[in-house]
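The values are calculated or read from the model by the stated rules, or taken from the named source; none is laboratory data. Predicted model only: the values in this text are computed from it and were never measured. Here Cβ is always computed from backbone atoms with ideal geometry, including for glycine, and neighbour counts include all displayed protein chains.
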């Protein structure tokens, strides 16, 4: 469909030019028949058929009025012939349309040249009138009588062109703003999807991975140690309930037509539950330094620190089952540092799996203006995040 638009516009322009040409030809014929076409004093001895031929040729050339500068040059030829026989009003009036079209449809350079030509032509007309006229008053009147044929069409076309350029720029700006708005919308959607993916990953990889590991441990010790098996199953149930609550809260946020009681996000105050769940999975977790009053932490930093600790312990449970891990969280100099160190087992890469866990931790740290590193360190796998407390 868009490929036909230029053709339709071109056809409409041709129709418009044909209507203009036919209308001016009718008016010119009426002027010639009425004898009101003489511009200079005296009788017009030029045969009527010559005048009508000039008029017809010039009106036919109006179809080329948008072809700059071809239309103007052809019109100048007819104007020169008319001046040779004696200037007539219809030819001069129609020629002003060529001046108008050249200024309007030509390039910017051509438009500026036409404005200069109009200015120079005005001065030349006044000078010639003063030079060849016996009385200076008559010369000035004659000069100003010819000025509208040169100045008015160029001035009018320049104003129309200026308004057209302004409208074009406004449309271009509107298109650019719409494009920027669409890009912002897509970026916002992509950001929300990434955030949702991180949250879902935390719920699934954290709680459900713990459930799977603890269930396997419970099955293996069901007959050997019933008391310990019961404790593991209680941890499985607690993880299941927590996962369901977080999933329910997220689904409630995604559904605009559902009113659901808001659920408080996980915080470092609940770190003991996270550690107990990891210990129930068979991981020997040593809890190092922990901030004394986590309630004083910014909410975003508090949640980020909890999620990073959760993901790091989950990775330790998956890649170093039955091993040892140390969780250390300390605050110093306006920086909250989260460190998780766990044993590396042969044949189990520290960053195994899809790698989404490390990516999510890095994105969470960057979201609050912090830094994140993970990798082997002194024969152990080290996860370290530094989260600024100011401006979070």
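Return the residues of region 355-379 that are buried (at least 17 other Cβ atoms within 10 Å of the Cβ) and in a strand (DSSP E or B); say none if nothing qualifies.
Hits for region 355-379 are 372, 374.
Would you pick out the residues in region 303-315 that are farther than 21 Å from residue 280 by Cβ and surrounded by 22 or more Cβ atoms within 10 Å (Cβ to Cβ)?
Result: 304, 305.
Answer with yes or no whether residue 293 is surrounded by fewer than 12 Cβ atoms within 10 Å (Cβ to Cβ), at pLDDT below 70 and closer than 28 Å to residue 385 by Cα. Working first, answer last.
On the way: surrounded by fewer than 12 Cβ atoms within 10 Å (Cβ to Cβ): yes; at pLDDT below 70: yes; closer than 28 Å to residue 385 by Cα: yes.
Considered against the rule, which asks whether it is surrounded by fewer than 12 Cβ atoms within 10 Å (Cβ to Cβ), at pLDDT below 70 and closer than 28 Å to residue 385 by Cα, residue 293 comes out as yes.
Tell me which residues, restricted to region 22-42, are assigned to a helix (DSSP H, G or I) and either in contact with a strand residue (DSSP E or B) (Cβ under 8 Å, 6 or more places away or on another chain) or at pLDDT below 85 (or both). Write out each step before concluding.
Kept after step one, since they are assigned to a helix (DSSP H, G or I), are these residues of region 22-42: 22-34.
Listed by number, the residues that qualify are 32, 34.
Here's the yes/no breakdown for (1) within 22 Å of residue 275 (Cα to Cα); (2) at pLDDT 75 or above; (3) outside any helix (DSSP H, G or I):
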position	(1), (2), (3)
285	yes, yes, yes
289	yes, no, yes
306	yes, yes, no
317	yes, yes, no
336	yes, yes, yes
340	yes, yes, yes
346	no, no, yes
351	yes, no, yes
386	yes, yes, yes
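Taking residue 45 and the conditions (1) touching a helix residue (DSSP H, G or I) at 6+ places or on another chain (Cβ under 8 Å); (2) farther than 17 Å from residue 161 by Cα; (3) part of a loop (DSSP other than H, G, I, E, B), which numbered condition does it fall short on, given that it satisfies the others?
That leaves (1) as the condition not met.
Answer yes if at least one residue in region 72-80 is assigned to a helix (DSSP H, G or I), at pLDDT below 80, assigned by TED's automatic domain parsing to the domain that holds residue 110 and loosely packed, with under 12 Cβ neighbours inside 10 Å, and no otherwise. Lay out the reasoning, then the answer.
Step one: list which residues in region 72-80 are assigned to a helix (DSSP H, G or I), which gives 72-80.
Pick out the ones that are also at pLDDT below 80 and you get none.
Taking every residue of region 72-80 in turn, none turns out to be assigned to a helix (DSSP H, G or I), at pLDDT below 80, assigned by TED's automatic domain parsing to the domain that holds residue 110 and loosely packed, with under 12 Cβ neighbours inside 10 Å.
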